[in-house]
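Participant: Attaching a single structure in structure tokens format; questions to follow.
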Amino acid sequence: MTVGSEIRQQLRPGLWKTVNERYPGSMITKYDLVPLAHLDKPLSECRVAFVSTAGVQLKGTLPFDTVHPIGDYSFRRVPTSAETSDLEIHQLKYPTAGAEKDINVVFPIERLRELVAEGHIKELTENFYSFIGYNMDPERLERTLAEDIAEAVKAEEPDVVLLAPA
Amino acid sequence: MSVEYLKEAVAANDRERLIRYVRLHFGDGNEEAGRKEIDKAWCEALKLLIDHAETDREAILSTIEKNDPATLAHLYFRLHFYFIERSGEWIHDGRL
């Protein structure tokens, strides 16, 4: 596959259709092409950010709202210098037993710091970003939360942003 | 399930669809589990009152009087999980 043909191909084109058939209206529907992004320099020269739906946050901050029937449309900044013992998870919709033992399985903050220390990545952004995935208003999710996180991440000037569900 | 689904149900006064949504929410996607969770929360609340425990009615009335209906609705959902936690039978994968 050439780079040109890859750019014209939608990533997992059937995903939104499949999810919307099972949970009507619960997903943002996209029919326009979202081109794949290409890295134009080595990771060892890149500043990396991480965005997660894991519901990870600093202890002592307002817990994510796990009880609201429509969801929580806020996000938390997680300093990349934070100790894992300073982090906690507020989330009801995925099994957290493994992550409670080692938060890196959903929020690999120590693993990414190790990659920086070993020179595989140049540096991490000052913060990583976290929210909860239970959001039943996809339009609001796109209009507010997604835009808010995108703006906050962009301000940290990363070269690479890793997006990971939990 | 989505806000759009709920708005359609409200417009059609379709209570069955609304309660189905609540059950799915409390049951983590399992309607029957959600129905049992609602029953469990009410039983836990009832158990606290059958011995005529002293309660702060002024606090209850003040909470209702001082807060808007949406905040009270949010509290209502929060109280469900409060009583579920008290029951000691936690079916959810994560935590509040």
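Participant: Just order A:95-106, A:70-81, A:47-58 by mean Cβ neighbour count inside 10 Å, highest at the front, would you?
Facilitator: My ranking of the peptides, most packed first, is A:47-58, A:70-81, A:95-106.
Participant: To continue, here is another question. Please compute the Kirkwood hydrodynamic radius of the protein assembly as shown from all pairs of different C-alpha atoms, in Å with one decimal.
Facilitator: 21.2 Å
Participant: Separate question: Using the number of other C-beta atoms within 10 angstrom as an exposure proxy, rank B:Lys40, B:Lys66, B:Lys47 with the fewest first.
Facilitator: B:Lys66, B:Lys47, B:Lys40
Participant: Okay, moving on. If I fit a long axis through the Cα atoms of helix B:15-26 and take the longest principal axis of the Cα atoms of chain B, what angle between them do I get, 0 to 90°, rounded to 10?
Facilitator: Rounded to the nearest ten degrees, it is 70.
Participant: Translational diffusion coefficient, Stokes-Einstein: compute it for the stretch A:98-166 using the Kirkwood radius over C-alpha pairs as Rh, at 37 °C and 0.692 mPa s, and state it as an integer in µm² s⁻¹.
Facilitator: 238 µm²/s
Participant: Give, in whole angstrom and from largest to smallest, the semi-axes √(5λ) of the equivalent ellipsoid of the stretch A:61-103, with λ running over the eigenvalues of the Cα gyration tensor.
Facilitator: Semi-axes (√(5λ), whole Å): 20, 15, 7.
Participant: Given the convex hull over the Cα atoms of the stretch A:34-166, what projected area results after averaging over all orientations, in nm²?
Facilitator: Taking a quarter of the hull surface, the average projection is 8.5 nm².
Participant: Can you give the calculated 222 nm mean residue ellipticity of the protein assembly as shown, where each DSSP H run of n ≥ 4 adds -39,500 (n - 2.57) and the sum is split over every residue, rounded to the nearest 500 deg cm²/dmol?
Facilitator: So the helix-based figure for the protein assembly as shown works out to -11500 deg cm²/dmol.
Participant: For the stretch B:26-66, compute Rh as the Kirkwood radius over C-alpha pairs and then the Stokes-Einstein diffusion coefficient at 37 °C and 0.692 mPa s; write the answer in µm²/s, rounded to an integer.
Facilitator: Using the Kirkwood radius from Cα pairs, D works out to 267 µm²/s.
Participant: How many percent of DSSP beta bridges within the protein assembly as shown run antiparallel, rounded to 5?
Facilitator: So the antiparallel bridges in the protein assembly as shown amount to around 55 percent.
Participant: Roughly how crowded by other chains is peptide A:61-67, in terms of the mean Cβ count from those chains within 10 Å of each of its Cβ atoms?
Facilitator: Going residue by residue through A:61-67 and averaging, the value is 4.
Participant: Dimensions of chain B along principal axes (Cα, Å, largest first)?
Facilitator: 42, 32, 23
Participant: Under a plain spin-label model, where a point goes 7 Å from the Cα along Cα-to-Cβ, how far apart in nm are B:Asp14 and A:Glu110?
Facilitator: Those two pseudo-labels are separated by 4.9 nm.
Participant: Also: Dividing the alpha-carbon radius of gyration of the stretch B:1-49 by 2.2 N^0.38 Å (N being the number of residues), what value is obtained?
Facilitator: Ratio of Rg to 2.2 N^0.38 Å for the stretch B:1-49: 1.32.
Computed from the coordinates by the stated procedures, all read-outs in this text should not be read as laboratory data. Remember, it's a predicted structure, so these values are computed and weren't measured experimentally. All Cβ positions, glycine included, derive from the backbone under ideal geometry; neighbour counts span all protein chains shown.
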